[in-house]
Amino acid sequence: MNDVKKSIVDTMDGIDGELCEFLPYIFQDVLVIGCCPELILDLFESKKIGYTNKSDKLKILDLGCGKGTVSVRIAEKYGHEIYGIDGLNGFIQDAINYSSSLGVSELCNFKVADIRTEVDLLMDYDVAILCAVEVFGDMYNTLKRISPCVKSGGYIIIGSVYIEDHTDFTHPEIQLRSEVLSQLEESPVKIIDEILFDNIKDVQDENFKFMRKRIEELKKKHPHKADIFDSYILSQEEICDVYENHTKLVVWLLQKE
């Protein structure tokens, strides 16, 4: 298994493990990392996931929670209990601060850990959220790892990307839509909904503005690492082109059978 720091950088479309310590600085102005919070909140609302007649609160697991942008807002709106895990201490501190600023810190528990090993210790959650399917590999292997964390009848929300069928574009790490659907059919889940993230360009343009500023600052502070920072921003530009022009970014709502 790859080192957790290298895995984090890979998940965030980086190319060098040395970047890990700098990611919180690079992303300090970026609140939305991964799935758009509004898409997931809309799913909770439209499918009535957040509402329950039970006196007990739902248990929500946020894997790779980043700064807690998604799960903290779920806690704020529905009053459910959150357990968020991320490999970056800087992001977890931001998540803790965010939950405090919205007055829901008592509902939110955040931990610095490797989600690839932590999932084997977790069970009985009502909802699991994962905004980056590539952490565990393809869709089948992802669901194989995280579905045991969720109760039967519970929900899994996954952010994913695929290439439409019948296109000439290929990417070694991105599957065709038909391949993703096939793997979903092989998994112990049923598809409840699929929502396209269609304003990715606007989000990425704004994020890039902040990231470039922070990277230029880092290059001045650490000139001997300038090549690493330049390579990272180049890799971000390349993957953004892929996302904007060749693929579909989606959020899947799945129910465990």
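Using all Cα-Cα distances in region 152-257, what percent lands in each 10 angstrom bin from 0 up to the longest?
13, 33, 27, 19, 8, 0
Please state the charge dipole magnitude for region 77-217, taken about the Cα centre, from unit charges on C-beta atoms (+1 on K and R, -1 on D and E), reported in debye and rounded to the nearest 20.
Working: 13 positive and 26 negative charges, 78 e Å.
Rounded to the nearest 20 debye, it is 380 debye.
Students often get this wrong: which residues of region 27-46 have the backbone nitrogen under 17 Å from the point 7 angstrom along Cα-to-C-beta of Glu217?
Residues 27-32 fall inside that zone.
Tally the DSSP beta bridges in the chain and give the antiparallel ones as a percent, rounded to 5. All intermediate terms of the calculation are to be shown ahead of the outcome.
Working: 16 of 36 bridges.
Close to 45 percent.
Which one, Val251, Val30, Ile191, projects farthest toward the positive side of the charge dipole computed for the chain from Cβ point charges (K/R +1, D/E -1)?
Of the listed residues, the answer is Val30.
So if I average 1/r over every pair of distinct C-alpha atoms in the chain and take the inverse, what Kirkwood radius in Å does that give? Don't skip to the answer; put the middle values down first.
Numbers: mean 1/r = 0.0531 Å⁻¹.
For the chain, inverting the mean 1/r across all distinct Cα pairs yields 18.8 Å.
Suppose every Lys and Arg Cβ carries +1 and every Asp and Glu Cβ carries -1, with no other charges. What dipole size does region 71-142 come out with about its Cα centre, to the nearest 20 debye?
Details: 4 positive and 12 negative charges, 44 e Å.
Charge dipole of region 71-142: 220 debye, to the nearest 20.
Calculate the dipole size of the chain relative to its Cα centre from +1 charges on Lys and Arg beta carbons and -1 charges on Asp and Glu beta carbons; express the result in debye to the nearest 20.
Values: 28 positive and 46 negative charges, 183 e Å.
About 880 debye.
Among Lys144/Lys213; Lys77/Lys256; Lys151/Lys209; Lys144/Lys225; Lys111/Lys209, which pairs are too far apart, with a Cα-Cα distance over 31 Å?
Details: Lys144/Lys213 40 Å; Lys77/Lys256 24 Å; Lys151/Lys209 41 Å; Lys144/Lys225 39 Å; Lys111/Lys209 29 Å.
Cα-Cα > 31 Å for Lys144/Lys213; Lys151/Lys209; Lys144/Lys225; rest within.
So which trypsin sites (Lys or Arg not before Pro) in region 30-130 pass both tests, a DSSP loop state and at most 10 other Cβ atoms within 10 Å of the Cβ? If you can, show how the numbers build up before the last one.
Values: sites: Lys47, Lys48, Lys54, Lys57, Lys59, Lys67, Arg73, Lys77, Lys111, Arg116; in loops: Lys47, Lys48, Lys54, Lys57, Lys67.
When the trypsin sites (Lys or Arg not before Pro) of region 30-130 are filtered for loop state and at most 10 Cβ neighbours within 10 Å, Lys48, Lys54 remain.
For region 96-195, which chymotrypsin sites (Phe, Trp or Tyr not before Pro) pass both filters: DSSP loop (anything but H, G, I, E, B) and at most 14 other C-beta atoms within 10 Å?
Numbers: sites: Tyr98, Phe110, Tyr125, Phe136, Tyr140, Tyr155, Tyr162, Phe169; in loops: Phe136, Phe169.
Passing sites in region 96-195 are Phe169.
Note the full-extension length gain between Glu194 and Asp241 as 0.36 nm times their separation in residues minus their Cα-Cα distance, in nm to one decimal. Working shown, then result.
On the way: separation 47, 0.36 × 47 = 16.92 nm, distance 2.24 nm.
Here the segment from Glu194 to Asp241 would lengthen by 14.7 nm.
Just report the Cα centroid separation between region 205-257 and region 123-168, whole Å.
Between the Cα centre of region 205-257 and that of region 123-168, the gap is 22 Å.
For labels at Ser100 and Val32 in the simple 7 Å Cα→Cβ model, what's the distance in nm?
For the pair Ser100/Val32, the computed spacing is 2.7 nm.
With the Cα gyration tensor of region 100-176 giving a ≥ b ≥ c as the square roots of its eigenvalues, does the rule (a/c under 1.5 for rounded; else a/b larger than b/c for prolate; else oblate) give rounded, prolate or oblate? It would help to have the intermediate numbers written out before the result.
Details: a/c = 2.29, a/b = 1.85, b/c = 1.23.
Since a/c reaches 1.5 and a/b is larger than b/c, the shape of region 100-176 is classed as prolate.
So what is the diffusion coefficient of region 59-111 in µm² per second by Stokes-Einstein at 37 °C and 0.692 mPa s, using a Kirkwood Rh over Cα pairs?
Numbers: Rh = 10.2 Å.
Answer from the Stokes-Einstein relation: 322 µm²/s.
Could you work out how far apart the two model spin labels at Lys209 and Asp168 are, taking each label as a point 7 Å from the Cα in the direction of the beta carbon, and quote it in nm?
3.5
Rounded to two decimals, what is the ratio between the C-alpha radius of gyration of region 86-222 and 2.2 N^0.38 Å?
Values: Rg = 18.1 Å, N = 137, 2.2 N^0.38 = 14.3 Å.
Dividing the Cα Rg of region 86-222 by 2.2 N^0.38 Å gives 1.27.
None of the figures in this text is laboratory data; all of them are computed from the coordinates on show. None of the values given here were measured: they were computed from a predicted structure. Cβ atoms come from the backbone with ideal geometry, glycine included; neighbour counts cover every protein chain shown.
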